[in-house]
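The values are calculated or read from the model by the stated rules, or taken from the named source; none is laboratory data. These numbers come from a predicted model, not from an experiment. Please note: Cβ atoms are built from the backbone with ideal geometry, for glycine as well, and neighbour counts cover all protein chains shown. The area values use the complete protein model at the heavy-atom level, side chains included, leaving out ligands, DNA and RNA. Shrake-Rupley method; radii C 1.70, N 1.55, O 1.52, S 1.80 Å.
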Amino acid sequence: MSSWILLPVALMMLCSSTLCSLDCDLTQGLKADFSLLHQMSTFSLVPCWKDRTNFHFPKEAMEGSQLQRENGTVILHEMLQHTFTIFRQNSTPKTWNQTQLRRLLMGLHRQLEQLERCVGQDMQWEEPSLGNQNPSLALESYFQGISQYLQAKEYSHCAWEIVRVESRKLLLFMNKLYSQELRKKKIDFQFFK
(Lines give C-alpha, C1' and ligand atoms only; values in the text may rest on other atoms or scores of the structure.)
Protein backbone atom coordinates (compact mmCIF):
# COMPACT_ATOMS: atom_id res chain seq x y z
CA MET A 1 0.00 0.00 0.00
CA SER A 2 2.77 2.47 0.86
CA SER A 3 4.34 2.00 -2.59
CA TRP A 4 1.09 3.28 -4.15
CA ILE A 5 1.34 6.43 -2.04
CA LEU A 6 4.83 7.13 -3.39
CA LEU A 7 3.78 6.57 -7.01
CA PRO A 8 2.36 10.10 -7.57
CA VAL A 9 5.52 11.62 -6.09
CA ALA A 10 7.72 9.46 -8.32
CA LEU A 11 5.63 10.34 -11.39
CA MET A 12 5.81 14.06 -10.58
CA MET A 13 9.61 13.85 -10.26
CA LEU A 14 9.83 11.91 -13.50
CA CYS A 15 7.67 14.33 -15.46
CA SER A 16 9.46 17.39 -14.13
CA SER A 17 12.75 15.98 -15.34
CA THR A 18 14.11 17.79 -18.38
CA LEU A 19 14.66 14.42 -20.00
CA CYS A 20 10.99 13.46 -19.88
CA SER A 21 9.57 16.72 -21.12
CA LEU A 22 8.96 16.81 -24.85
CA ASP A 23 9.18 20.63 -24.74
CA CYS A 24 12.75 20.45 -23.47
CA ASP A 25 14.37 18.66 -26.38
CA LEU A 26 16.60 21.15 -28.21
CA THR A 27 17.92 18.57 -30.68
CA GLN A 28 15.41 19.29 -33.43
CA GLY A 29 15.78 23.05 -32.99
CA LEU A 30 19.57 22.90 -33.25
CA LYS A 31 19.29 20.77 -36.39
CA ALA A 32 16.78 23.21 -37.87
CA ASP A 33 19.09 26.15 -37.10
CA PHE A 34 21.96 24.31 -38.78
CA SER A 35 19.82 23.78 -41.87
CA LEU A 36 18.63 27.40 -41.91
CA LEU A 37 22.20 28.66 -41.77
CA HIS A 38 22.96 26.52 -44.79
CA GLN A 39 19.90 27.69 -46.72
CA MET A 40 20.25 31.41 -45.96
CA SER A 41 22.87 32.00 -48.62
CA THR A 42 23.46 30.69 -52.10
CA PHE A 43 26.65 32.71 -52.38
CA SER A 44 29.77 30.79 -53.38
CA LEU A 45 32.40 30.80 -50.67
CA VAL A 46 35.28 30.65 -53.15
CA PRO A 47 35.74 34.45 -53.35
CA CYS A 48 35.73 34.57 -49.55
CA TRP A 49 38.57 32.13 -48.89
CA LYS A 50 40.94 35.09 -48.62
CA ASP A 51 38.93 36.31 -45.63
CA ARG A 52 39.09 33.04 -43.69
CA THR A 53 40.37 33.21 -40.16
CA ASN A 54 40.70 30.96 -37.16
CA PHE A 55 38.33 32.21 -34.48
CA HIS A 56 40.04 29.90 -31.98
CA PHE A 57 37.01 28.05 -30.72
CA PRO A 58 37.93 27.03 -27.14
CA LYS A 59 37.43 23.32 -27.71
CA GLU A 60 39.83 22.32 -24.92
CA ALA A 61 37.95 24.42 -22.38
CA MET A 62 34.63 23.07 -23.64
CA GLU A 63 35.68 19.44 -23.41
CA GLY A 64 38.04 19.63 -20.44
CA SER A 65 37.52 18.78 -16.83
CA GLN A 66 36.54 22.39 -16.09
CA LEU A 67 33.32 21.89 -18.08
CA GLN A 68 32.50 18.90 -15.91
CA ARG A 69 32.48 21.24 -12.91
CA GLU A 70 30.55 23.93 -14.77
CA ASN A 71 26.91 23.51 -15.63
CA GLY A 72 26.96 22.48 -19.30
CA THR A 73 23.43 23.81 -19.67
CA VAL A 74 24.61 27.28 -18.67
CA ILE A 75 27.41 27.05 -21.26
CA LEU A 76 24.89 25.99 -23.90
CA HIS A 77 22.70 28.95 -22.96
CA GLU A 78 25.66 31.33 -23.31
CA MET A 79 26.48 29.91 -26.74
CA LEU A 80 22.89 30.30 -27.95
CA GLN A 81 22.70 33.84 -26.55
CA HIS A 82 25.93 34.96 -28.24
CA THR A 83 24.91 33.35 -31.55
CA PHE A 84 21.52 35.09 -31.38
CA THR A 85 23.21 38.43 -30.65
CA ILE A 86 25.56 38.12 -33.63
CA PHE A 87 22.83 37.35 -36.15
CA ARG A 88 20.43 39.93 -34.70
CA GLN A 89 22.63 42.75 -35.97
CA ASN A 90 21.18 44.92 -38.71
CA SER A 91 24.37 44.56 -40.72
CA THR A 92 23.73 41.05 -42.05
CA PRO A 93 23.89 40.79 -45.86
CA LYS A 94 20.74 41.85 -47.68
CA THR A 95 21.43 39.08 -50.21
CA TRP A 96 20.74 36.45 -47.57
CA ASN A 97 17.27 34.96 -47.56
CA GLN A 98 15.66 37.29 -45.01
CA THR A 99 12.84 34.84 -44.29
CA GLN A 100 15.39 32.18 -43.38
CA LEU A 101 17.30 34.70 -41.25
CA ARG A 102 14.10 35.62 -39.34
CA ARG A 103 13.33 31.92 -38.87
CA LEU A 104 16.85 31.38 -37.53
CA LEU A 105 16.47 34.24 -35.06
CA MET A 106 13.04 33.00 -33.96
CA GLY A 107 14.44 29.49 -33.53
CA LEU A 108 17.41 30.65 -31.47
CA HIS A 109 15.13 32.83 -29.32
CA ARG A 110 12.68 29.95 -28.83
CA GLN A 111 15.52 27.64 -27.78
CA LEU A 112 16.81 30.21 -25.29
CA GLU A 113 13.36 30.54 -23.75
CA GLN A 114 12.89 26.78 -23.81
CA LEU A 115 16.20 26.19 -22.08
CA GLU A 116 15.43 28.80 -19.43
CA ARG A 117 11.94 27.40 -18.84
CA CYS A 118 13.02 23.76 -18.73
CA VAL A 119 15.99 24.04 -16.45
CA GLY A 120 15.68 27.54 -15.05
CA GLN A 121 15.60 26.29 -11.51
CA ASP A 122 18.60 24.05 -12.13
CA MET A 123 20.74 26.65 -13.89
CA GLN A 124 23.43 27.99 -11.63
CA TRP A 125 24.67 31.39 -12.72
CA GLU A 126 27.97 31.44 -10.90
CA GLU A 127 30.87 33.78 -11.14
CA PRO A 128 33.36 32.17 -13.50
CA SER A 129 36.48 30.79 -11.90
CA LEU A 130 39.75 32.35 -12.90
CA GLY A 131 42.02 30.75 -15.42
CA ASN A 132 42.39 30.45 -19.13
CA GLN A 133 40.53 27.11 -19.22
CA ASN A 134 37.30 28.59 -17.82
CA PRO A 135 34.56 27.77 -20.37
CA SER A 136 32.57 30.98 -19.78
CA LEU A 137 35.60 33.24 -20.14
CA ALA A 138 36.85 31.28 -23.13
CA LEU A 139 33.45 31.61 -24.82
CA GLU A 140 33.31 35.32 -24.13
CA SER A 141 36.71 35.75 -25.77
CA TYR A 142 35.70 33.57 -28.74
CA PHE A 143 32.52 35.52 -29.49
CA GLN A 144 34.27 38.84 -28.93
CA GLY A 145 36.78 37.73 -31.58
CA ILE A 146 33.94 37.06 -34.03
CA SER A 147 32.43 40.49 -33.39
CA GLN A 148 35.82 42.18 -33.80
CA TYR A 149 36.40 40.26 -37.04
CA LEU A 150 33.08 41.46 -38.49
CA GLN A 151 33.85 45.02 -37.44
CA ALA A 152 37.40 44.90 -38.87
CA LYS A 153 36.01 43.58 -42.17
CA GLU A 154 33.36 46.33 -42.08
CA TYR A 155 30.61 43.73 -42.01
CA SER A 156 31.39 42.72 -45.58
CA HIS A 157 29.42 40.02 -47.31
CA CYS A 158 32.42 37.67 -47.25
CA ALA A 159 33.00 38.28 -43.55
CA TRP A 160 29.40 37.32 -42.85
CA GLU A 161 29.75 34.20 -44.99
CA ILE A 162 32.79 33.14 -42.97
CA VAL A 163 30.86 33.76 -39.74
CA ARG A 164 27.87 31.82 -41.10
CA VAL A 165 30.09 28.78 -41.77
CA GLU A 166 31.72 29.13 -38.33
CA SER A 167 28.26 29.27 -36.76
CA ARG A 168 27.28 26.02 -38.45
CA LYS A 169 30.31 24.36 -36.82
CA LEU A 170 29.27 25.91 -33.52
CA LEU A 171 25.75 24.48 -33.81
CA LEU A 172 27.22 21.02 -34.36
CA PHE A 173 29.22 21.44 -31.18
CA MET A 174 26.14 22.70 -29.29
CA ASN A 175 24.24 19.62 -30.38
CA LYS A 176 27.08 17.42 -29.09
CA LEU A 177 27.19 19.33 -25.78
CA TYR A 178 23.42 19.07 -25.40
CA SER A 179 23.57 15.31 -26.02
CA GLN A 180 26.27 15.00 -23.34
CA GLU A 181 24.13 16.97 -20.89
CA LEU A 182 21.17 14.69 -21.58
CA ARG A 183 23.30 11.62 -20.93
CA LYS A 184 24.65 13.17 -17.74
CA LYS A 185 21.13 14.00 -16.51
CA LYS A 186 19.95 10.50 -17.42
CA ILE A 187 22.79 8.98 -15.40
CA ASP A 188 21.97 11.31 -12.48
CA PHE A 189 18.32 10.32 -12.68
CA GLN A 190 19.10 6.61 -12.85
CA PHE A 191 21.27 7.00 -9.75
CA PHE A 192 18.21 8.05 -7.74
CA LYS A 193 16.00 5.22 -9.06
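Among the residues of region 63-70, are any part of a loop (DSSP other than H, G, I, E, B), at pLDDT 80 or above, open to solvent by 20 Å² or more (accessible area, probe 1.4 Å) and of a type outside the set (A, V, I, L, M, F, W, C)? No, because not a single residue in region 63-70 is part of a loop (DSSP other than H, G, I, E, B), at pLDDT 80 or above, open to solvent by 20 Å² or more (accessible area, probe 1.4 Å) and of a type outside the set (A, V, I, L, M, F, W, C). Can you confirm whether residue 106 is part of a helix (DSSP H, G or I), modelled with pLDDT of 70 or more and open to solvent by less than 70 Å² (accessible area, probe 1.4 Å)? No: the conditions fail for residue 106. For residues in region 91-103 being in a helix (DSSP H, G or I) and of a type in the set (D, E, K, R), which is surrounded by the fewest Cβ atoms within 10 Å (Cβ to Cβ)? Per the stated criteria, the residue is 102. Inspection of region 44-54 identifies no residue that is modelled with pLDDT of 90 or more, in contact with a Phe, Trp or Tyr (Cβ under 7 Å, 6 or more places away or on another chain) and not polar (S, T, N, Q).
Results for (1) modelled with pLDDT under 90; (2) open to solvent by less than 30 Å² (accessible area, probe 1.4 Å), shown as yes or no for each residue.
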| residue | (1), (2) |
| --- | --- |
| 121 | yes, no |
| 124 | yes, no |
| 130 | yes, no |
| 133 | yes, no |
| 145 | no, yes |
| 156 | no, no |
| 160 | no, yes |
| 184 | yes, no |
| 187 | yes, no |
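Name the pairs whose Cβ atoms lie under 7 Å apart, with the first residue in region 32-43 and in a loop (DSSP other than H, G, I, E, B), the second among the aromatic types (Phe, Trp, Tyr) and open to solvent by less than 60 Å² (accessible area, probe 1.4 Å), and 6 or more positions between them or separate chains? As it stands, the answer is 40/96; 41/96, since those pairs meet every condition given.
When region 79-90 is filtered for residues that are closer than 18 Å to residue 148 by Cα and open to solvent by less than 40 Å² (accessible area, probe 1.4 Å), the ones remaining, listed by number, are 79, 83, 84, 86, 87.
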